[in-house]
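Chemist: One structure is given below, represented as structure tokens, and several questions about it will come after.
The values are calculated or read from the model by the stated rules, or taken from the named source; none is laboratory data. Since we're looking at a predicted model, the values are computed, not measured. All Cβ positions, even for glycine, are placed from backbone atoms using ideal geometry, and neighbour counts span all protein chains on display. Note: areas computed on protein heavy atoms with side chains; ligands, DNA, RNA excluded. Shrake-Rupley method; radii C 1.70, N 1.55, O 1.52, S 1.80 Å.
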Amino acid sequence: MIASDWSPVSVSLTHSAPADPTTHHRVLGTTIAYDQDYAGIVLYAADLNASNTLADPLLRTYARQFLQSLPAHRESPLPQHVRGIIEVLLPTGRCTIQQVARTLDVDVRTVQRHLARTGDTYSPLLEAVRADLAQRYVTRLDRPLTEVAELLGFSALGTFSRWFHTRFGSSPTAWRAAVRTDSVGSITAHY
């Protein structure tokens, strides 16, 4: 069982914040992000290895039989795991290969070696994830660009805007205006 003072690294929820978040904070801690594109809890791999002192030893055999009866899960390749971890860590500002390795409970060299097997390296993978998310987030008109910059791990809107322009040849504001124009045009076309 995890210590009573345990809390996750971060929590992302797809729904809006409740009027009274007391229960959320009591159960999930205070690092909760609402209105996210995904729901998930980030925690250290070591927390998953902690023994559960409340487990019923009599149910262990049944649980093992149940798990063995399930079809074999095909392990997704490490680059896919790394992409998912990058996506979760970007908003925290701690999206380094060291943090990814720590999350996977391996050393940095192991991550690099596995990525190299598929022709990947960390920095281009990080940039690809950031670019994918940038397009998705900037397209959402309900998100302020300062929030988008933070979600992508940029410390300032100006830094994000320069990166976006270099990457896509347009400012995020111009990109968003084009999306708005396209959506208005498509709505008009439906009338």
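Chemist: Go through region 22-32 residue by residue and turn each phi into a ³J(HN,Hα) via Karplus (6.51, -1.76, 1.60, θ = phi - 60°); whole Hz please, and just put x for glycine and proline.
Modeler: So the J values, rounded to whole Hz, are 3, 5, 4, 5, 5, 8, 10, x, 9, 8, 9.
Chemist: Projecting each Cα onto the charge dipole of the chain (Lys/Arg +1, Asp/Glu -1 at the beta carbon, about the Cα centre), which of 112, 7, 38 comes out farthest on the positive side?
Modeler: Sorting the options by dipole projection puts first 112.
Chemist: Counting Lys and Arg as +1 and Asp and Glu as -1, each charge on the Cβ, what is the dipole of region 24-155 about the Cα centre in debye, to the nearest 20?
Modeler: My answer is approximately 340 debye.
Chemist: Heavy atoms of the protein only, probe of 1.4 Å, neighbouring chains included. What is the accessible area of residue 108 in Å², nearest 10?
Modeler: Counting only protein heavy atoms, residue 108 exposes about 40 Å² to solvent.
Chemist: List every residue whose amide H lies under 5 Å from the amide H of residue 43, counting only residues 5 or more places away in sequence or on a different chain, with H placed 1.01 Å from N in the peptide plane.
Modeler: 9
Chemist: Would you work out what percent of the accessible area of the chain, with all protein chains in place, is carbon or sulfur (probe 1.4 Å)?
Modeler: Whole-percent figure for carbon plus sulfur exposure: 57.
Chemist: Computed on alpha carbon atoms, what radius of gyration and Dmax characterise region 6-110, expressed in Å?
Modeler: 16.9, 45
Chemist: Now, a different point. Keeping all protein chains in place, calculate the accessible area per residue for region 1-117 (probe 1.4 angstrom), answer in Å². If you can, show how the numbers build up before the last one.
Modeler: On the way: 8070 Å² over 117 residues.
Accessible area per residue, region 1-117: 69 Å².
Chemist: If I stretch the segment between residue 128 and residue 20 completely, what's the gain in nm (0.36 nm per residue apart, minus their alpha carbon distance), one decimal?
Modeler: My answer for the length gained is 35.1 nm.
Chemist: Once you put a point 7 Å from the Cα of residue 49 and another 7 Å from the Cα of residue 35, both along the Cβ direction, what distance in nm separates them?
Modeler: 3.9
Chemist: At a Förster distance of 22 Å, what's the computed FRET efficiency of residue 142 paired with residue 166, Cβ-Cβ distance as r, to 0.05?
Modeler: Calculated value: 0.30.
Chemist: Related question: Connecting C-alpha atoms closer than 10 Å in a GNM of the chain, tell me which of 82, 129, 179 has the biggest fluctuation.
Modeler: 179
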